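Scroll down for the structure; my scribbles are underneath it.
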Amino acid sequence: MNAERWQQIERIYLDVVARDEPDRAATLDEVCAGDAELKREVETLLAQESRVGRFLESRPWPADPAPSQAPAEDGDETVLAPPPVDAAGLFAGRYRILRTLGQGGMGVVYQAEDVRLKRFVALKFLSSAIAASPQARARFLREAQAAASLDDPHVCTLYEAGEEGGRAYLVMAFIDGPTLKERIATERLPIGETLSIARDIASGLAAAHARGVVHRDIKPGNVLLAGLRLAKITDFGLARIEGATRSTATAGAAGTPAYMSPEQAQGLRTDHRTDIWSLGCVIYEMLTGRSPFATSSGQVDVFALVHGPAPGVAAFRPEVPATLAAVVDRCLRTDLRARYQTASDLLADLERVSAGDTPSAVRAVREELPSIAVLPFADMSPERTQEYFAEGMAEEIIHALARIEGLRVVARTSSFAVKSKGLDVREIGRVLNVGNVLEGSVRVAGSRLRITAQLITVDDGFHLWSERFDREAGDVFAIQDEITAAIVDRLAVALHLRERAALRKHRPVDPEVYALYLRARYFQHRISADTVERAFRYYGEALARDPTFAPAHAGLAGMWGDLAAFNLAPPGEAWPKAREAAERALALDPDSSEAHQTIGAIALWFEWDWTAAEAGMTRALALNPGDALARGRHGWFLLNRRRFDECGAAVRQALASDPLSPILHGFAVGLHAACGRSEEALADFRRAVDLAPGFGLPYFHAAIAHTSLGRLDEAAEVVEKGLQQGLTLFWADCILGIVRARQGRRDEAAAILARMIEQHQQSSVSCASIAWVAANLGDFDVAFSWLDRGYEERDGLMAWVHVYTDIFVPPLARDPRFHALLERMRLTDVAR
Amino acid sequence: MPLPASADVTSLLVAWSEGDDSALAQLVPRVYDELRRIAHHHVRAERPGRTLQTTALVHEAYLRLVDTRRVRWESRAHFLSVAAQAMRRILVDAARARGARKRGGDALSVPLDEVALLAPQREASVVALDDALNALAEVDPRKSRVVELRYFGGLSVEETAAVLHVSPETVHRDWRVAKAFLLRELSGKDTAP
């Protein structure tokens, strides 16, 4: 058998094995076409079928038991032996052992009573090797002295260190509470609790480092939780004492501890910055439930540990504010100089995050991460008919790059917006806050394709890379892959394994189907009554040619979702269509971030299934962290949950990656206003108006911000201005009705209410907004009838009825009927 | 015996990553020695009842042999590839030695404790698997490497894909077909491991 023959055998084997049993024999006969030898070869392979599954799946030697957890890891039997007590039942003449608190690598810990001082203590026994060697004993006492000098609310106090009956022991304050390890064993912690515990540990470390004491073994098992959130670090100095008696050569293969810094793992010199690393790992685990360098089998990936970077926490918990994610990231820098230099710096940043301010780490990240804007390619075709294709190339490259965590990519809207402004590369870099720009051109002539691309550094205009591709139309994916690979390579982006795999995930597709798809996208991005029909038509044609092309189903789903969300189609019809298309897309490609995002949006705006909304949106963000619109929509979900801080962080992060997007500016105004950050909302409003004065949505939300600040005249003024600039009448009516009623101009308010009710049918005026105007006029009965109707008709604003009613008519929210409504909507958990 | 200084392995690894194939020939024996040394150390020093894990051994060897400040992340793939080859040879040698010792010979000087630790229960099957892999490499070298990396190197599908510069789907497919091939080779000769 030669290689060629084998390839033939393999091909047939794969073909046949993919079929159901009854069809196999017939298929085999057919494809072998009388070649008996070939048939026999394939049959003997097929005969192995029942054994293939389990063969070679176990390790070459017996399986390893789960690492660690074994009592007394160092195998020192004496540590486990019960402590020697005198006739009175006391150890060392004063401690009555009450119960075992725990056993770990260091030995056994007991709760004991100090009969002399009448207090509970924790009594810990260490390896017998310490008592045996004079050097180890001297070192033990020296370290214990240093640890005993620490007096800080976040450090567990060391009372005494001694030897008794050949056994070294420590006496510490007894903390009546679980370890952090126990606390995180069952669930990921809320962001607030994580911050509080992290601040305590950082504060304890800062105090210890100030006295020259380094812990070297910060891990959840060494953090005790006294009271609800008060965290205390225990076992200071022990790592060094124990380390001296333990062979470090065995540490690695015994299961490298998950919290060890790279310098520790490599046996290099360590200083206080090793504790900062370990604390970063602990925060990471509180947030995500996993160690930053865990592999799928639960081991620690040493390669990732020493080379970095750790995948960002957002990959496992997208709702973590970007500010906090940046702080964790900065703790986990392989390069010591890039890490926080002191625990106090880290503490200061944690406090900034808690207060909703920007930590220093965010600025550091912005400066350090390579960044790029991909401009739309220029259409160089003879008739200039390929603009859709030129844009599509850039969009696909943006989409591929946005999945990479180690690269900051400006989103489509903003990248494309600068093109029309005629800016030079340096100005583009400044406007979009990026270091590099990719630009190029496309020329299509018949089936031939010519694409050029240049990667340019904005600071000096230097061409890092440029290439010209003369290929067949069918090679378009290969060209996109080559361009993304060149960018990743030239910008020296660090890639995770899964990102590497994702970059290569391209299925072959008919170039014509792809061209139709790009045309559809082109019109989808310019959504209006005129373009919708064309976008639908091209999606339809693409799917008629290839019904299995998942991106077209996902695009269709997204378009139905946009139509529903912007009231361009009746939501009751559009959302179910969006769901149908999204489910089709997911059946073909379970990793379609666009389809997951649409499913999340449907659940939030239409189905009011908050759990499904969170699942869809976080999955979409995990698959594509750079998707600014998805992050903005996630902000609306967070508003529904009243997670105001996270909501603000989400929309700020979305704006950072898409700084010129009118929609996201509209979102920012709306979300900040609803969260009570009126000033920030109005600042974003001014930018939104500069950017796209004809876009109506921000005016509506700015009026809300003015209303909640009690500035009714300004609110009315903004609405009037908005009406001249494309703000839809019924949105204007909603806010103006409320404002007029509050100003005491009841007749005007009543007229507005009448108009809204009259137009409700034909132009889908929001039922909830009618209710708010009626309630401001004092008519709660009418208000509740419209809220009921909003529930029945699945009015899109109802998802935030609890938040907006608090702003527009607080007394309405105190009516028992309101509580009943919230129960129906499963919103009582987030009601005030 | 070449110097075991970590700088040497690092330089070789860099050279090999940059296309110097002769470096590979020197790398494998050093990684082989180091893996055996670590395994040997564990046999003596470790707790009873605990067995070794391929991944942990390979990781430890990496930390001990390679100066991580001098290599790029990409060296991971190259090192894993070398380590998988070395692991395969260690296991096959151990199995042969055990077999030889049973028959009264001692042709290979592999220490007894190490053999006891490393050799699988049915040593003949590892030797047969090694032969079958060689046969597979004749017609389809990539599939043979997939098995080497996955089985002997302990690599996951994603890691294997990264080392070989193919997609994870290809690894899945290769793995399945390779196993059918190997099972067929082994059937009639010896029972599978």
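Report, in debye and to the nearest 20, how large the dipole of the stretch A:510-619 comes out about its Cα centre when Lys and Arg carry +1 and Asp and Glu carry -1 on their Cβ.
The dipole magnitude comes to about 260 debye.
Name the shape class, rounded, prolate or oblate, that the alpha-carbon gyration tensor gives for the stretch A:421-500, where a ≥ b ≥ c are the square roots of its eigenvalues, rounded holds for a/c under 1.5, and otherwise prolate holds if a/b is larger than b/c and oblate otherwise.
The shape class here is oblate.
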query = Which Cα, out of A:Ile738, A:Val765, A:Leu753, lies furthest along the positive dipole direction of the stretch A:728-832 (beta carbon charges, K/R +1, D/E -1)?
reply = A:Ile738
key: Residue mean of other protein chain beta carbons inside 10 Å, A:299-305   = 6
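Within 10 Å of each Cβ in peptide A:43-54, how many partner chain Cβ atoms are there on average? Round it to a whole number, please.
Partner-chain Cβ atoms within 10 Å, mean over residues of A:43-54: 4.
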ask   = Between A:Ala473, A:Ala168, A:Leu655, whose Cα lies farthest towards the positive end of the dipole of chain A when Lys and Arg beta carbons carry +1 and Asp and Glu beta carbons carry -1, centred on the Cα centre?
value = A:Ala168
Computed over chain A: relative contact order in percent, which uses C-alpha pairs under 8 Å that are six or more apart = 6
ask   = Which longest run of chain A has no exposed loop site in it, a site being GluC sites (Glu not before Pro) in a DSSP loop with at most 16 other beta carbons within 10 Å, and the site itself not part of the run?
value = A:384-832
task = Give the order of A:Cys281, A:Cys32 when sorted by the count of other beta carbons within 10 angstrom, beginning with the fewest.
result = A:Cys32, A:Cys281
query = How many angstrom lie between the C-alpha centres of the stretch A:159-176 and the stretch A:722-755?
reply = 74
query = Of A:Ala148, A:Ser133, A:Pro178, whose Cα points farthest to the positive end of the dipole of the stretch A:112-192 (charges on the beta-carbon: +1 Lys, Arg; -1 Asp, Glu; origin at the Cα centre)?
reply = A:Ser133
Whether the protein assembly as shown is rounded, prolate or oblate, judged on the alpha carbon gyration tensor where a/c under 1.5 counts as rounded = oblate
inquiry  = Checking the a/c ratio against 1.5 first, then a/b against b/c, what shape does the Cα gyration tensor give for the stretch A:626-711?
reply    = oblate
inquiry  = Taking the number of other C-beta atoms within 10 Å as the exposure measure, put B:His172, B:His165, A:His701 in order starting with the fewest.
reply    = B:His165, B:His172, A:His701
task = Any aspartates and glutamates with Cα under 12 Å of the B:Lys143 Cα? List them, leaving off those in the same chain fewer than 8 positions away.
result = A:Glu10, B:Asp174
ask   = What average count of beta carbons from other chains do you get within 10 Å of the Cβ of residues in B:177-187?
value = 6
remark   = The local net charge around A:Met172, scoring Lys/Arg +1 and Asp/Glu -1 for residues other than A:Met172 whose Cβ lies under 9 Å from its Cβ, equals -1
key: Pairs beyond 23 Å (Cα-Cα), from A:Lys118/A:Lys219; A:Lys118/A:Lys181; A:Lys419/A:Lys577; A:Lys419/A:Lys721; A:Lys39/B:Lys179   = A:Lys118/A:Lys219; A:Lys118/A:Lys181; A:Lys419/A:Lys577; A:Lys419/A:Lys721
message = Whole angstrom only: what separates the Cα centroid of the stretch A:381-417 from the Cα centroid of the stretch A:212-234?
response = 48
key: Estimated vicinal HN-Hα couplings, Hz - the stretch A:579-592 in sequence order (Karplus 6.51, -1.76, 1.60; Gly, Pro = x)   = 5, 4, 5, 5, 5, 4, 4, 5, 5, 8, 9, x, 9, 6
request  = Mind putting a number on the dipole of the protein assembly as shown about its Cα centre? Charges go on the C-beta only, +1 for Lys and Arg and -1 for Asp and Glu, and I need it in Debye to the nearest 20.
outcome  = 2160
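How do B:Val163, B:Val58 line up, fewest other C-beta atoms within 10 Å first?
Least to most surrounded, the residues fall as B:Val163, B:Val58.
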remark   = Between the alpha carbon centres of the stretch A:522-548 and the stretch A:646-717 the gap in Å comes to 31
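Each value in this text was obtained by applying a stated rule to the coordinates, not by laboratory testing. Owing to the predicted nature of the structure, the values given are computational and were not obtained by experimental measurement. When we count neighbours, we look across all protein chains shown, and the Cβ atoms used for this are built from the backbone with ideal geometry, even at glycine.
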